[in-house]
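Student: Dropping the structure in here first, questions after.
The values are calculated or read from the model by the stated rules, or taken from the named source; none is laboratory data. This structure is a prediction, so every number in the text was calculated from the model and none was measured. Cβ sites come from the backbone with ideal geometry, for glycine too, and all protein chains shown count toward neighbours. Just so you know, the surface numbers come from the protein's heavy atoms only, side chains and all, with ligands and any DNA or RNA stripped out. Shrake-Rupley method; radii C 1.70, N 1.55, O 1.52, S 1.80 Å.
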Amino acid sequence: MSLPAVPLAAGSSPSPTPSESPTVTVPSLQDAQESATNAASWVEQNWSTWLAIGLRVLLIVVIAAVLRKFVLRAITKLIDRMNRTVESAAEGSTTLGGLLVNAERRRQRSQAIGSVLRSVASFLILGTAALMALSAFEINLAPLLASAGVAGVAIGFGARNLVTDFLSGVFMILEDQYGVGDQIDAGVATGEVIEVGLRVTKLRGDNGEIWYVRNGEVKRIGNLSQGWATAGVDVTVKASEDLDRVKATLDEVAEKMSKEEPWNELLWSPIEVLGLDSVLLDSMVVRVSAKTMPGKALTVERELRWRVKRAFDAADIRIVGGATAPAAEDPVDTTAAVAAPSVFSNADSPQVAAASPIAPQRAVTPSPK
């Protein structure tokens with residue numbers, strides 16, 4: 001039988017034992033004075049070092065910012081000066097070279113070159129400033145540089161195609177191999193350049209398709225829009241035609257076409273009759289050629305063929321298409337090579353009857369009596 005617990009008086013609490021009483025250490029005034037003295041002594045001993053480091057880092061940051069701004073402004077002025085030089089040369093030149101300047105192409109090339117130079121300059125200046133700031137804190141940069149070298153080698157092996165594309169794009173832009181609006185043959189694709197990037201070049205094909213060509217995969221470039229194009233027309237006439245009359249007719253066509261619009265702008269040189277390109281037994285080929293605006297050679301060739309055909313028809317000069325037909329000979333008997341009819345072709349001949357199989361005879365059954 002358990003006894004009921006004696007309730008405690010209201011407001012009373014059990015008194016703690018001596019072992020359970022908390023011990024609170026109150027720092028004395030002497031301890032606080034010693035801590036403040038030690039802190040002041042540490043600051044007094046190291047403040048000059050920290051101040052020197054801070055000033056050095058600040059000086060590095062200021063110099064890097066000023067140098068970066070100066071270099072970027074110099075690059076911008078250099079690109080603008082190049083553009084103004086090209087524009088002034090194009091405006092004051094009346095030769096063929098002055099007509100080759102393309103404003104859109106020059107603008108894009110300048111922007112690409114300026115962007116690459118600014119990125120490289122910013123990376124070099126800021127990267128050097130960061131390393132100098134770390135060295136000011138007496139941080140050993142040898143492990144960091146070694147790790148960066150190993151990481152760079154690993155990234156180079158993993159992204160070698162990307163690096164190849166980027167470097168190829170940089171050199172293509174710097175060397176001005178092609179630009180926007182050029183008709184090029186890149187080997188893997190052919191078409192009009194609609195965008196030039198550091199990694200990929202976009203081409204518009206003849207059927208409207210868009211080709212994305214990596215710059216690192218381009219081994220050769222055939223630019224059909226630089227310089228001028230050549231329009232060549234071969235006129236094939238009979239060997240019996242008078243060459244002087246043929247040449248006079250072609251010269252008349254060339255002179256008339258060179259004075260009419262818009263052909264006087266598309267033709268960058270007079271239309272020349274180069275002479276006989278080949279002489280055959282029954283025909284001869286006269287070559288006509290002219291320098292035209294890039295990309296307009298096919299248009300000029302079509303118009304020149306049209307005018308030559310009409311002029312030759314008016315001058316009664318016959319144009320032949322390749323070798324002429326052979327002269328008519330005695331008609332050939334088509335039955336000469338056919339063998340004579342055989343006697344077996346006649347179903348009533350004795351040979352057919354002798355060669356025919358004997359028909360089986362039917363058995364005769366006796367009639368019932």
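Student: Pull up all non-local amide H partners of Asp182: gap of 5 or more, or a different chain, and H-to-H distance under 5 Å with H placed in the peptide plane.
Tutor: Val193
Student: Under a Cβ-only charge scheme (Lys and Arg +1, Asp and Glu -1), can you give me the dipole magnitude of segment 272-314 about the Cα centre, in debye to the nearest 20?
Tutor: Here segment 272-314 has a charge dipole of around 240 debye.
Student: Separate question: Could you order peptides 140-146, 188-194 by the average number of other Cβ atoms within 10 Å of their residues, highest first?
Tutor: 188-194, 140-146
Student: Based on alpha-carbon positions alone, could you give the equivalent ellipsoid semi-axes of segment 227-266 from the gyration tensor, as √(5λ), descending, whole Å?
Tutor: Whole-Å semi-axes of the equivalent ellipsoid: 25, 14, 6.
Student: If I compute solvent accessible area with a 1.4 Å probe over the protein chains, what percent of it on segment 159-259 is carbon and sulfur?
Tutor: Ligands and nucleic acids excluded, carbon and sulfur give 50 percent.
Student: Give the long-range amide H neighbours of Ser283: residues separated by 5 or more places, or on another chain, with amide H under 5 Å away, using H modelled in the peptide plane at 1.01 Å from N.
Tutor: Those qualifying (amide H under 5 Å, at least 5 residues apart or on another chain) are Ala239.
Student: Please give the contour-minus-distance gain from Leu276 to Ala353: 0.36 nm per residue of separation, less the Cα-Cα distance, rounded to one decimal in nm.
Tutor: Additional length available on full extension: 20.4 nm.
Student: What residues qualify as long-range amide H neighbours of Gly197, i.e. H under 5 Å apart, gap of 5 or more or another chain, H built at 1.01 Å from N?
Tutor: For Gly197, the qualifying residues are Lys202.
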